[in-house]
Amino acid sequence: KLYVRNQTSAETYTSADIYQYDPDEFFEAAMQWEPELVFLLNQKLNSDVWNSSECPVVNATDMFDFLGECGQIFQSYISDIQLASETFILQQGELTFDWDRCANSSDADDRITVDLPWVGKRTYESLHPEAQKRYYTNVWMEDMESIFEKLYNDTLPPNATLMEELRTTSTAIKQATESATGKDACEPNIVGTAWFFFTVMTTIGYGNQAPETSGGQAMVYTLGFLSIIMFAATAASAGYIMTSLFDDIMKKAKLGILSSPIAATVFWGFLYYSWLVLIGSVTDDWKRSRLGEDYSLSEGYWFAYISTTTVGLGDIYLEPEVLVSQDLMVFGLLFLIGFIFLASFLGSLGSFFQRSRK
């Protein structure tokens, strides 16, 4: 309760000289008070009889100065808390796990079992982006709280006043927010990085992953360029070898008619487009088991097409956050065979058109 005496000075007071205000009335009245008025703060909240000996007399000017200083510090305190909250929220919105993996391997309840094609069932930490974000957030909060507690205890003066506590708290929150990290919960996402270089080597380049540092860009520029050259030469040779083997087998089986350009084109075209269906089906199962997303076969087929033709539009891709080592083997093999089938199909188609011109 706040008791205000409407006199400038006096040695004795009576209850008739004192006015008691409700909180709302106090703030309204405070806007009209003159600085020379004397404030009396009653510390006995339940006392019906006002006792001047128990009420400290505070000079209004000093009290306004005190409230002004308190307001500035408290405003700074609120601003730092708001900054910390905005920084944390912004950080959560920007969290990606393309290059780092933050899986909670110690939580037995936070695990998933997936059925991999040609590999069988395997159990992994929950690699869903939301699960990784949740785990990273918890570690970040623990780190921030630990840093804040240490800074607060190290910098708080002995017998600190309320103002000093507010200043110390404000500074500690700001520094803890800037220094906190959840990196201790993470490790390099080697599988996701390997898949990125696979998409660079094959020139698929979905666009969902990209290096941001000059060092990373230089690495992709040099190693990526060399890998593209080697892969292009290998893929072309593989397509030529496959068509040559097919022709030789057909001739030995006395089915030479099937080695004709038109028959070879139909054969390799059938194999290629059938292989796209297989890739699409595997992708659909993969998306459902890893992300809980239901993709249609047509979407999976479209993904297979833009991947094996190396168009890589980026509208559908394999999320690197949830890739595991077996996925590199499964999808890598599926794509490589698809490249060979496509190269053989295009080679046969080219031979057909050349034969037609003659």
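Here are a few things to note about the model shown:
- For the pair residue 229 and residue 285, the difference between a 0.36 nm per residue extended length and the Cα-Cα distance amounts to 16.9 nm.
- Rolled with a 1.4 Å probe across the full set of protein chains, the surface gives residue 329 an accessible area near 110 Å².
- With the convex hull drawn over the C-alpha atoms of the range 270-358, the volume per residue is 90 Å³.
- Binned Cα-Cα distances of the range 173-309, short to long, each 5 Å bin given as a whole percent: 2, 8, 10, 13, 14, 13, 13, 9, 6, 4, 2, 2, 1, 1, 1, 0, 0
- Between residue 217 and residue 138, the modelled label-to-label distance comes to 3.9 nm, taking each label 7 Å out from Cα in the direction of the beta carbon.
- Distance in nm between pseudo-label sites at residue 355 and residue 156 (7 Å out along the Cβ direction from Cα): 8.8 nm
- For residue 100, residues with placed amide H under 5 Å, excluding near neighbours: 189
- Each residue of the range 192-202 was assigned a 3J(HN,Hα) from its phi angle through the Karplus expression (A = 6.51, B = -1.76, C = 1.60, θ = phi - 60°), giving x, 5, 4, 5, 4, 5, 5, 5, 6, 4, 8 Hz with x at Gly and Pro.
- The label point for residue 149 and the one for residue 262, both projected 7 Å from the Cα toward the Cβ, are 8.2 nm apart.
The values are calculated or read from the model by the stated rules, or taken from the named source; none is laboratory data. Since we're looking at a predicted model, the values are computed, not measured. All Cβ positions, glycine included, derive from the backbone under ideal geometry; neighbour counts span all protein chains shown. Just the protein is used for accessible areas: all its heavy atoms, side chains included, with ligands, DNA and RNA removed. Shrake-Rupley method; radii C 1.70, N 1.55, O 1.52, S 1.80 Å.
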